[in-house]
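Working notes for the structure below.
The values are calculated or read from the model by the stated rules, or taken from the named source; none is laboratory data. Computed from a predicted structure; not experimentally measured. Cβ: placed from backbone, ideal geometry, glycine included. Neighbour counts: every protein chain shown. Accessible surface areas use protein heavy atoms only, side chains included; no ligands, DNA or RNA. Shrake-Rupley method; radii C 1.70, N 1.55, O 1.52, S 1.80 Å.
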Amino acid sequence: MTVLRSMRSKHILREIRTQGELEKLSPSFIRTLIKELDVIGLASRMCPVLFSDGSAGLFVLSQHYHDDQTGALLELMTRRGYKLCANPLFVLSPTLLIAVTKSMSSAGQAIQQISEPSVTGSALSQAINAIFLWALEHRASDIHFNVKRAQSESAVFFTIDGRYVCPERYAHLPTATVLGMLAVTWMDIEGGNGAVFDPTIEQQGRVMRELGGQRVCLRWASLSTDQGPSVCLRLLIQDSTELTPELSELGYLESQIAALRRACLTQGGAIVLAGTVGSGKSTTLATLMREIPTHRKVITLEDPAEYFIPHALQNTVSRSVDEDELSVFDNKLKAFKRSAMNDLLIGEIRDSAGGRAFSDLAGSGISLYTTVHAGSALWVPERLASSFIGVPRDLLSTPGILKLLVFQCLLPLLCTGCALNHEQIVQLDRWRCALNQVRSPQWRRAWIGMLEDQSGLSRERLRFRSVQGCDHCLRGLPELVGVAGRTVAAELIEPSQEPKFLVGLRQKNGLALHQWFEQRRKSPIDDSNMHGKSARQCALFKVWSGLVDPRSVEQTFGVMSSFGDVDAR
């Protein structure tokens, strides 16, 4: 527990963040005094409690501990004959306060009165808004509510800098409380399938919130698992004039930026960005579209609009998982075709409706920008031509239709303040490889030698993540220690300059295409010219530059040899 000073009283505040800290209180917490003091209406904000030594205290939310009601409730407890403990104020998180007020009464029974909708709904809304605000403050991209229905506790995870992390304060939340928070949030959902939150089916939609003075959209996607529902909320700041980083800040190198700008300034054809979920495709696309000259009319069609793009007419279209006839999407596209636009962004091509739009627009003289889920630039046409999307292969292999294909992934960027060199990691008592196995010093030396022999990397250039961290990277989450953000590793194909690519695509010769891709002329590993290089080779250049831990490359693209499975002891 940390100690905080009250702003308006002489009492010292103690902050209780987890169920474990609550259970370790001394004297121990016995029960609430809500019924005795008849303060059920305050239960969503504060809760009087009794301790094992007979003293009393007050559990309160941080935003209410200096309210007049807090002082008034302490005075009421004194007038009713309760002896306050030396420091009677305890700050609890909203979820922990709900668990306390709903789980215990003067007789150790559940307090049924607090289940009144007006009280419970308010408390649950405050609890989940606190989670949203924590995510916003820590720049999380996604919030994951993983409900274990057969267990008393569930956890909330966050995606921060590409890492899936669970802070201690959200690792042991009462399962009933988590389900209640999700049910209350679903009541505000827009474009959702289903009137109520149903843990047994997949649901999607979006909900708007005002958090920390910002308007935020949370895109809901739930998955029904054997253990219980898993709800992922993508966090998107709305009405923001903050621009996405420049291409170089994202990690694109000079030769790659030149190719992106070349394609962007050429009228007609499609620029397609590929990657996995959370790989930064939308960020790159928003940055690229800022490069479009202002004399061209730019329109976007997104679900929802994620980033502010100056000079663009941005449109949000919500598409339900239950929709068979995507009439809203199709009708919007028909309207766009009559609007004399020059450039169109379709947020993602993921189904036959997107496939029809791509087929209709890519050859119409309009410059089309979009994304797909694919693991390589080489696989983009295969994804578009799949039966699920249905773009004709003959169209895709027509010169001028595919203007630029890009695949990108994001790798952890090393903190330069504490990154270790090859000698330091060999001297460590414990050190884990990309497979998360503890490796001996002998194994580490042999592995570093293999990196030099097989990848052309000099050991003097190698840098590794520190698990101790420094003042620059300590953010309270051990998974993010030693990391200073993320950087792009990308590969590009310009079909107009690669005739063999279009021939192989038309002939459906995947093996020949793969061989062509691997054998393209390319510069050495230490050359920043990325022409002909794969995303893996781009990542290795960043390892050579001391920006990326080689283990991150192995975790993304696979270990660099079978040597990684055996410890040379």
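Computed on the Cα trace of segment 159-255, the radius of gyration divided by the Kirkwood hydrodynamic radius gives Rg/Rh = 1.05.
If you roll a 1.4 Å probe over segment 424-569 with all protein chains in place, what percent of the accessible area is carbon or sulfur? Kindly include the intermediate steps, with their values, before the conclusion.
Working: 3500 of 7560 Å².
Carbon plus sulfur share of accessible area: 46 percent.
Here's the list of aspartates and glutamates a cross-link from residue 542 could span, going by alpha-carbon distance under 17 Å and ignoring same-chain residues fewer than 8 apart: 249, 254, 452, 460, 491, 526, 527, 554. Here is the list for segment 386-490: trypsin sites (Lys or Arg not before Pro) lying in DSSP coil, each with at most 12 other C-beta atoms within 10 angstrom of its C-beta, are 430.
Based on C-alpha pairs under 8 angstrom that are at least 6 apart in sequence, the chain has a relative contact order of 10 percent.
Can you give the percent of C-alpha pairs in segment 336-428 whose distance is more than 19 Å? List each step's numbers first, then the result.
Working: 2164 of 4278 pairs.
Tail of the P(r) past 19 Å holds 51 percent of the pairs.
Computed over the chain, the convex hull of the alpha-carbon atoms projects to a mean area of 29.9 nm². I'd like the orientation of helix 68-79 relative to the chain: the angle between its Cα long axis and the longest Cα principal axis, in ° from 0 to 90, rounded to 10. So the helix axis and the longest Cα principal axis differ by about 30 degrees. Over segment 411-481, accessible surface divided per residue gives 54 Å², non-protein components excluded, 1.4 Å probe. A 1.4 Å probe run over the protein chains yields, for segment 21-108, 41 Å² of accessible area per residue, whole-number rounding. Between segment 538-560 and segment 390-457, the C-alpha centres lie 2 angstrom from each other. Per the Cα gyration tensor, segment 8-69 maps to an equivalent ellipsoid with semi-axes of 18, 16, 12 Å, ordered largest to smallest. Here is the tail figure for segment 381-447: Cα pairs spaced more than 21 Å apart come to 56 percent of all pairs. If you look at the Cα atoms of segment 220-306, you get an Rg and a Dmax of 16.3, 54 Å. Applying Stokes-Einstein at 10 °C and 1.306 mPa s to the Kirkwood radius of segment 186-339, computed over alpha-carbon pairs, gives a translational diffusion coefficient of 89 µm² s⁻¹. With the charge dipole of the chain set up from +1 on Lys and Arg Cβ and -1 on Asp and Glu Cβ about the Cα centre, the Cα lying farthest toward the positive end among the listed residues 292, 417, 274 is that of 417. Only bridges with both residues in the chain count here: give the DSSP antiparallel percent, nearest 5. Taking every DSSP beta bridge with both residues in the chain, the antiparallel ones total about 65 percent.
For the chain, the longest principal axis of the Cα atoms and the long axis of helix 441-455 meet at an angle of about 30 degrees. Determine the shape class of segment 168-225: with a ≥ b ≥ c the square roots of the Cα gyration tensor eigenvalues, call it rounded for a/c under 1.5, and otherwise prolate if a/b is greater than b/c, oblate otherwise. In terms of gyration-tensor shape, oblate. Using alpha carbons only, the radius of gyration of segment 265-310 set against its Kirkwood radius gives Rg/Rh = 0.95. Under 27 Å of direct C-alpha separation, and excluding same-chain neighbours fewer than eight residues apart, residue 24 reaches these lysines: 10, 35, 83, 102, 148. Taking a straight line from the alpha carbon of residue 508, these lysines sit under 26 Å away, with near neighbours fewer than eight places off in the same chain left out: 403, 500, 522, 533.
Heavy-atom accessible area with a 1.4 Å probe sorts 542, 297, 83, largest first, into 83, 297, 542.
Using a 1.4 angstrom probe on heavy atoms only, work out the carbon and sulfur share of the accessible area of segment 195-306 in %. Don't jump to the answer; show the numbers that get you there.
Working: 2340 of 4670 Å².
Its accessible area is 50 percent carbon and sulfur atoms.
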